[in-house]
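A short write-up of the structure that comes next.
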Amino acid sequence: MRWNHLVENPAATGNSALFAADAVTTRTFDTPEFRGITFHEIRARSIVNRVPGASRMPFEWTVNPYRGCTHACVYCFARKTHGYLDLDTGIGFDSQIVVKTNAPELLRTHLASGRWHGAHIAMGTNVDCYQRAEGRYRLMPGIISTLRDHANPFSILTKGTLILRDLDLLRQAAEVTDVGISVSVGFVDEGLWRTVEPGTPSPARRLDVVRALSGIGIDCGVLMAPVIPFLGDHPDQLRATVRAIAAAGATSVTPLVLHLRPGAREWYMRWLGEHHPHLVRRYERLYAEGPYAPKWYQRRITRHVHELAADFGIGPSHRGTARRLPVRRRDTARPEAAGPTQLTLL
């Protein structure tokens, strides 16, 4: 395994290694939720990463406490990053998880530096920071506490219900800075979910997260992603999904059509050939020009979803903006964090 010279984005950051080869501890756990998964615990050298200038993302800085993801979404664009470690971008991405055990400590040091000016930090943009591993390693409470203590604005995108464990911390942070939370729900079709997102909580459970956040005054948007061509884009499917999102109390819905970058494309097309071979040629034509579906297709989906959202009383999100809780008086004594938690998928 190539640990030397590992970087988050080699093109953007050069050759400086994120951690030393002798700083890796490999573990496996003989429990049902982690069976078949290997964790590589490392002490990273950096944790706040600059987004490449060519990126389409509406933010400049990210924090990613994990690499690889047990959600095992067959379309995940982050699969290619596992190739930087000489790990397989298919099963290896789903089962070989790198854990940056010192992430909260590194973030605390970084935010305290005089060179840091409090820019927005996005999380969950590469792999999910609330994947199953977080139930054991509990990195997010320390990360959120640090952002809260420095009043540093941040956002979280997740498919994980484990975020509910940290509601008190999120509410405290929202009292002092801008906090944006979005849940990813591309469809509510359970048959499709079980095959393309086998390690995630069900769409219904994710919408329960939206409902719970809304119930305590924290606005939560939904990234309706991905909308999967020919499998999840029928008008009836789109209507059912937007209706469920609205019923959960989401403040916004933003559709995003499936994109297939190198690494993800090969794995997804292999899955497609096994499960829906009749669609392979249609996908090859639709994605013939690159990783993104044609503009006409993206516009059609976006327009339809926005029309449905208007019908159900919600609107498109304003990308890059954060949502804010009303200011509340904080208790001087904060409750101690609870013990390790692992929420169920169903």
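The values are calculated or read from the model by the stated rules, or taken from the named source; none is laboratory data. Predicted model only: the values in this text are computed from it and were never measured. Using ideal geometry, Cβ is built from the backbone for each residue, glycine included, and neighbour counts are taken over all protein chains shown. Side chains are part of the model used for accessible areas, which takes the heavy atoms of the whole protein and leaves out ligands, DNA and RNA. Shrake-Rupley method; radii C 1.70, N 1.55, O 1.52, S 1.80 Å.
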Hydrodynamic radius of the range 210-315 per Kirkwood, over alpha carbon pairs, in Å: 14.9 Å
Cα centroid distance between the range 73-150 and the range 275-308, in Å? 30 Å
Extending each Cα 7 Å along its Cβ direction at Glu175 and Arg50, get the distance between those two points in nm, one decimal. 3.6 nm
Which trypsin sites (Lys or Arg not before Pro) in the range 239-304 sit in a loop by DSSP (not H, G, I, E or B) and have at most 10 other Cβ atoms within 10 Å of their own Cβ? none
P(r) histogram, all alpha-carbon pairs of the range 102-176 included - 5 Å bins from 0, percent: 3, 15, 28, 28, 18, 7, 2, 0
Starting at the first residue of the range 148-157, write each ³J(HN,Hα) from the Karplus equation 6.51 cos²θ - 1.76 cosθ + 1.60 with θ = phi - 60°, in whole Hz, x for Gly and Pro. 4, 5, 9, 6, 8, x, 7, 9, 9, 10
I'd like to check one number: the per residue accessible area of the range 226-309, probe 1.4 Å, reported in Å² as a whole number. 49 Å²
How far, in nm, would the chain grow between Ser214 and Glu105 when pulled straight, counting 0.36 nm per residue and subtracting the alpha carbon separation? 36.2 nm
Note the full-extension length gain between Ala204 and Ala151 as 0.36 nm times their separation in residues minus their Cα-Cα distance, in nm to one decimal. 15.8 nm
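Largest first, what is the accessible-area ranking of Lys100, Lys80 with a 1.4 Å probe?
Lys80, Lys100
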Using a 1.4 angstrom probe and counting only protein chains, how large is the accessible area of Ser46 in Å², to 10? 40 Å²
